[in-house]
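Data first, discussion second: the structure below is written as structure tokens.
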There are 4 protein chains.
Amino acid sequence: MIKVGIVGGTGYTGAELLRLFANHPQARVVALTSRKEAGLRADRLFQNLRGHCDVVFSTPDEAKLDECDAVFFATPHGTAMQMAPALIEKGVKVIDLSADFRLKNAAEFRKWYGMEHTQPALLEEAVYGIPETHRIEIKHARLVANPGCHATAVQLGLVPLLEAGVIDTHGIIADSKTGVSGAGRELKLGSMYAEVADSLKAYAVTGHRHQSEIDQELAIAAGGPVGVTFVPHLTPMIRGIHATIYARLTHPEADLQKLFEQRYSGEPFIDVLPAGEHPETRSVRGGNQNRLAVHRAPDGKTVVVLSVIDNLVKGASGQALQCFNLMFDLPEDAGLQAPGLLP
Amino acid sequence: MIKVGIVGGTGYTGAELLRLFANHPQARVVALTSRKEAGLRADRLFQNLRGHCDVVFSTPDEAKLDECDAVFFATPHGTAMQMAPALIEKGVKVIDLSADFRLKNAAEFRKWYGMEHTQPALLEEAVYGIPETHRIEIKHARLVANPGCHATAVQLGLVPLLEAGVIDTHGIIADSKTGVSGAGRELKLGSMYAEVADSLKAYAVTGHRHQSEIDQELAIAAGGPVGVTFVPHLTPMIRGIHATIYARLTHPEADLQKLFEQRYSGEPFIDVLPAGEHPETRSVRGGNQNRLAVHRAPDGKTVVVLSVIDNLVKGASGQALQCFNLMFDLPEDAGLQAPGLLP
Amino acid sequence: MIKVGIVGGTGYTGAELLRLFANHPQARVVALTSRKEAGLRADRLFQNLRGHCDVVFSTPDEAKLDECDAVFFATPHGTAMQMAPALIEKGVKVIDLSADFRLKNAAEFRKWYGMEHTQPALLEEAVYGIPETHRIEIKHARLVANPGCHATAVQLGLVPLLEAGVIDTHGIIADSKTGVSGAGRELKLGSMYAEVADSLKAYAVTGHRHQSEIDQELAIAAGGPVGVTFVPHLTPMIRGIHATIYARLTHPEADLQKLFEQRYSGEPFIDVLPAGEHPETRSVRGGNQNRLAVHRAPDGKTVVVLSVIDNLVKGASGQALQCFNLMFDLPEDAGLQAPGLLP
Amino acid sequence: MIKVGIVGGTGYTGAELLRLFANHPQARVVALTSRKEAGLRADRLFQNLRGHCDVVFSTPDEAKLDECDAVFFATPHGTAMQMAPALIEKGVKVIDLSADFRLKNAAEFRKWYGMEHTQPALLEEAVYGIPETHRIEIKHARLVANPGCHATAVQLGLVPLLEAGVIDTHGIIADSKTGVSGAGRELKLGSMYAEVADSLKAYAVTGHRHQSEIDQELAIAAGGPVGVTFVPHLTPMIRGIHATIYARLTHPEADLQKLFEQRYSGEPFIDVLPAGEHPETRSVRGGNQNRLAVHRAPDGKTVVVLSVIDNLVKGASGQALQCFNLMFDLPEDAGLQAPGLLP
């Protein structure tokens, strides 16, 4: 049994890791930290875990994280940066769900997250945790930086087009819609039921943190800088992201359907829909799939990609578990085999 | 008291007309038709109308529509085309909430609605019912074609930019998100609670009927053809449309905030938010407002407009009532003074 | 114009008072207090009020509440108790939406609200603000204690039966279901979207504060003590209360439908549905109605009453406004004429 | 591999069987019938099944159901009655999710379902499929009648009290709240999003079909007739049932918590919460658990039981699979090990 630790297990990504590991055949959560809830069983906070998980919150000091084989950080930005180096030093593999190690450029990190990065060398080493674009590196990584949820949906929708060089790399639009759990379990007026139910709004139109990782990673796929206007929207769903991506075709004759099917052939969690279909976020509710459709707009010159994930699974804890499976040479889908919950 | 008739009052736009007219100071619904529900009081179908409306459904024949001063069509496409000419002949003003008279071009109508238009001459005469762009014509119209809901939100967000000539008229993206009531009260699997709750999807990516009226009307604003990629999305809301519009600035130095404020200065139902804010659909729930925000994307070259309406009010029955008020020289906001219902 | 002040206008009941007064023909909100938001326009917090209300938050000291004709308290428990006496002294009529003056018995207040009551004499004087049971006293009151939302729905469903003496006054069950806005606008984990959407739970089964006012008021209707088991449930709605009330008939032969219709004959806001129908909370969304249905269970011996209100309107601010209208001898429905918003 | 057939796989209970069998270690769906969708892959109707299930709808004739080891009926009432006898004859085990075999009394069946029962002998033989009350019989059954969803939640909440003889067997109240998927996937106005979202209503107050099976089964637990007033409510959830049950204690001194814990000790799917807690329907979303809490009302004489299930899992397909596992001597939780999906 692989021993797993989770730092900061009181949020939704922590709870989701516990849910997913509950049925993992070869790993077990043995340490779970929360200063605030130390001493409490996790299933007191998350009623669904009763009967599935008997782990108890402890303080980071008591948790003996360095005896784990792998540690996940489900913490606010700034924590993993402090704690990860010592763990890595001791041979513990680290998967960070926060943004601490996503950006290669420390100046970009400072700009978007408002704090100085204390581990610029690790920034260099960390592997960006999208298996579909970094599988080999993840297998050998000591430190994986799990991507943002919007960033995952947007990248998976654009990578085939950019790699194939069939679109204008500038003037790309990524209109992304997220469920409310993406904002986390912390108390915020903007996450209250009576504030977001039966309503919809855009936010952060003039700049959202995921922009920087999108730019960084898409530049790799494109082999040069890309220009993406990314606008997130808050929608009355618990889970789910639907990114609608628009780009101008430089090669209008390209067989886009085939392009996507070939790029993602053999990928266990990418499902390219048949031509003409539209993915629904509920089809991946609770599951690790990314379901995609590629369309050509009526003008014939614009490609429209529809990309859906569950923000807590493929957009966070499920993708982290997928990386974990790769890092420990387990079947990539261990613990991740559930279909989406529909209806 | 102005005498009002409603043809096809069993759908949501019909019910909404009844709700709005319940508090109209100078008009009264005296005729309401439905072949299927003839003999039934409207408040048996719509419990909220109890105590506010005692009108009874009758067949079109019994309804004596020609004794009305105005008749609204809240019918499927194809009905108004048949019944409107005789009413107009007798001096009854007609406001059609269906698409029968929205398009000037009969061939376009055939293409999108799959039927031959039987009144091409009236197509010419009909006034497209957005007061913010056709107020004077509406005042003198015998026949108003009430716009589509997506089309209203998209046009109101683009007209200031196109009229001012500050954007590239091609490559415009209109990513529109609608509540489920926009699909009407007819039985459809895709409108069932367990099919759409807690989920989101795009639809009709390769072509939606509102495209044609958007193209027609924006060409007027732009003084020439425009290219808009319009993609609608179904979201788990009862009411509400949020259109997110993206365009490339040809005049990046333009003061966009001022442009919008000036264009809509004095408009009773357009609310341009202060710079930097984001409209919420719930802020117009049940109200006739169109709330707008204009942003510049981080690249400085892309304008992002956020445009929200209630699809059943400004997107349908409320805008129809606004036109009615203009046609009868009443205060434009008669019966339309309610703020949105928030929370 | 009657001058109105609102103390604590940053919560949902405060926002709802502003919405309702926006269209009140004879009153105007001139003072609005919030220590935290002093200096801010109310329509910055509540986007729906833009164009309808230009009042600015001020501190209680600056607000000159004593120059108002009436002051509403939309504050947490304990505030009205401190501030109301001085206002009443100066002739200002006070309507308190908190629980400070609902209970006649100071010991009961202490038990349920965990604080000593500082104005026991005013407890005596205050009138419990359900017009359907205390209309005359409200007309002459200096101080009205606006009832709890669950308490309103439960009482209006039971009063006809208790007054008529046709049910066992003990063993009554009141199973009440509320929307989330009833928990207020304060940050609470239990009010977060991702915590309550698509879910349902009971709460406070072993004792809820509204129990005490239900007991007090129903004893008046029954002419003696009653025994009600009251269990509230949190449901995924923004607004709405549905109380389902069960009692054993001591007079099984009673014509229950007629009993309800007669008791509420002439009541502007009570709607007794025809026999066999079921009220929907959405039918009163945003409106001040209480819609009721009375059924006999299949056993013939149990009466089942279904009672729905909008918790923020008839369950709070609308009922407060109804009392205000009575206190100032205005038409009882001034500002309260809107039908529910359906769909 | 055990070969499974599903008759009528286009509804929600059929889709849920496919989802649950997708991860069943020892069984496989080999036949799936639908006259209407014959020839279509199931994952075209249910996007979540893509990659998990390649079964194709066929007509009942083509399906070779008699070559299956077990056949589930997920059909409207009246179908299983026609088709089951021949299958049973050939040694196929039958699990019927419709109501055809739930009632022992053919007259009761006729009364509630409006049709004559054609297999009264099988009525006698069929085992009512709640493992917690009929486990041994289910193990040996040829025909299991899977219970109604409300009926399951209500029975599991009452059985311990009735078996222990600590409550008055008459005057019991079962106030049950269900999600919309309980109404099935057929087109109904009352199941449309814009009709049920953000609203709540009771239905069938004067008599619901589940009443008869509740009465039948509780009489077994009580050893004599019981009197339950059962009122279902439709609530804006996709999945979930929350039954709130009220009964008068005849033995107020009973240790109710212990009673429930002992009765359900060792039950794999029943979770009795610690004293004082409240179950949430979301805690069992997608899972087969029944989560219970038992409370004493403030009067000390009334017991309040809170009982939650997922109506499509423990209330339908999950419970059917639990019975299937028992019938084939498999681990009772095979394919049913997932925790609820929370948030």
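Between C:ARG135 and B:ALA38, what FRET efficiency follows from the Cβ-Cβ distance if R0 is 41 Å, with the result rounded to 0.05? That pair, C:ARG135 with B:ALA38, gives E of 0.50.
Return the FRET efficiency for the residue pair A:LEU189, C:GLN26: r is the Cβ-Cβ distance, R0 is 30 Å, and the value is rounded to the nearest 0.05. So the FRET efficiency works out to roughly 0.35. Extending 7 Å from Cα along the Cβ direction at B:ALA86 and again at C:PHE328 yields two label points whose distance is 5.2 nm. Inter-copy label distances at D:ALA164, shortest first and taken from points set 7 Å along Cα to Cβ: 3.9, 6.6, 7.3 nm. May I ask for the percentage of alpha-carbon pairs in the protein assembly as shown that lie more than 58 Å from each other? The answer is 16 percent, as a whole percent. Look at the dipole of region C:10-84 built from charges on Cβ: of C:VAL29, C:SER58, C:ALA15, the Cα furthest out on the positive end belongs to C:ALA15. Using a/c under 1.5 as the rounded threshold, could you call region A:159-213 rounded, prolate or oblate? The axes a ≥ b ≥ c are square roots of the C-alpha gyration tensor eigenvalues, and prolate needs a/b larger than b/c, oblate otherwise. The shape class here is prolate. Evaluating kT/(6 pi eta Rh) at 25 °C and 0.890 mPa s, with the Kirkwood radius of region D:258-330 over Cα pairs in the Stokes-Einstein relation, gives 184 µm² s⁻¹.
In region C:62-109, one over the average inverse separation of all distinct C-alpha pairs is 11.2 Å, which is the Kirkwood hydrodynamic radius. Calculate, for A:ILE220 and A:LYS64, the FRET efficiency according to 1/(1 + (r/R0)^6) with r their C-beta to C-beta distance and R0 22 Å; round to the nearest 0.05. Between A:ILE220 and A:LYS64 the formula returns 0.05. When C:ARG35, D:ARG28 are compared by accessible surface with a 1.4 Å probe, the order from highest to lowest is C:ARG35, D:ARG28. Plainly put, region C:207-282 has a radius of gyration that is 0.97 times its Kirkwood radius, both from alpha-carbon atoms, as the Rg/Rh ratio.
Across region C:97-224, Cα-Cα pairs farther apart than 23 Å form 40% of the total. Give B:LYS177/B:LYS201; A:LYS188/C:LYS314; C:LYS3/C:LYS90; A:LYS36/C:LYS188; A:LYS177/C:LYS201 a once-over and call out the pairs whose C-alpha atoms are over 21 Å from each other. The pairs that break the limit, which is 21 Å between Cα atoms, are A:LYS188/C:LYS314; A:LYS177/C:LYS201.
Counting, for every residue in B:268-279, the Cβ atoms of other protein chains within 10 Å of its Cβ and taking the mean gives 3.
Within region D:243-277, list the GluC sites (Glu not before Pro) lying in a DSSP loop whose Cβ has at most 12 other Cβ atoms in a 10 Å radius. For GluC sites (Glu not before Pro) across region D:243-277 that sit outside H, G, I, E and B with at most 12 neighbouring Cβ atoms in 10 Å, the list reads D:GLU253.
Calculated mean residue ellipticity, 222 nm, the protein assembly as shown: -8000 deg cm²/dmol, from DSSP H runs (n ≥ 4) at -39500 (n - 2.57) each, averaged per residue and rounded to 500.
Within the listed set A:VAL180, A:VAL55, A:VAL144, the residue fluctuating most in the Gaussian network model of chain A (springs between alpha-carbon atoms under 10 angstrom) is A:VAL55.
The modelled label-to-label distance for the pair D:ALA275/B:ALA275, using points 7 Å beyond Cα in the direction of Cβ, is 6.4 nm. Entry note, chain D: relative contact order of 17 percent, from Cα contacts under 8 Å with a spacing of 6+ residues. Within the straight-line cut-off of under 17 Å between alpha carbons, the aspartates and glutamates reachable from B:LYS139 are B:ASP69, B:ASP96, B:GLU124, B:GLU125, B:GLU267, B:ASP329, B:GLU332, B:ASP333, sequence neighbours fewer than 8 places apart in one chain being disregarded.
Past the 26 angstrom mark, what percentage of all C-alpha to C-alpha distances in chain C do you count? Percentage above 26 Å: 46. Cα centroids of region C:237-287 and region B:153-181: 47 Å apart.
D:ASP299 label point (Cα plus 7 Å toward Cβ) to equivalent points in the other copies: 1.3, 6.9, 7.0 nm, shortest first.
Taking the empirical scaling 2.2 N^0.38 Å for compact globular proteins as reference, region B:2-125 has a Cα radius of gyration ratio of 1.08. Taking the square roots of five times each eigenvalue of the Cα gyration tensor of region A:121-192, the equivalent ellipsoid has semi-axes of 26, 22, 10 Å, listed largest first.
Overall dimensions of region A:20-66, expressed as equivalent-ellipsoid semi-axes from the Cα gyration tensor (√(5λ), whole Å, largest first), are 18, 15, 6. The coefficient of translational diffusion for region B:149-311, derived via Stokes-Einstein from the alpha carbon Kirkwood radius under 10 °C and 1.306 mPa s, stands at 98 µm²/s. Counting Cβ atoms of other protein chains within 10 Å of each Cβ in B:76-88 and taking the mean gives 0. Among the helices of chain C, those built from whole DSSP H runs whose Cα atoms reach 20 Å or more along their own axis and whose mean Kyte-Doolittle hydropathy is at least 1.0 are C:149-164. Taking every residue in D:182-193 and counting other chain Cβ atoms within 10 Å of its Cβ, the average works out to 5. Once both labels are positioned 7 Å from their Cα atoms along Cα-to-Cβ, the gap between A:HIS251 and D:SER265 label points is 7.0 nm.
The values are calculated or read from the model by the stated rules, or taken from the named source; none is laboratory data. Not measured: the values here are computed from a predicted model. Reconstructed Cβ throughout: ideal geometry from the backbone, glycine too, with neighbour counts over all protein chains shown. What goes into the accessible areas is simple: the full protein's heavy atoms, side chains included, and nothing from ligands, DNA or RNA. Shrake-Rupley method; radii C 1.70, N 1.55, O 1.52, S 1.80 Å.
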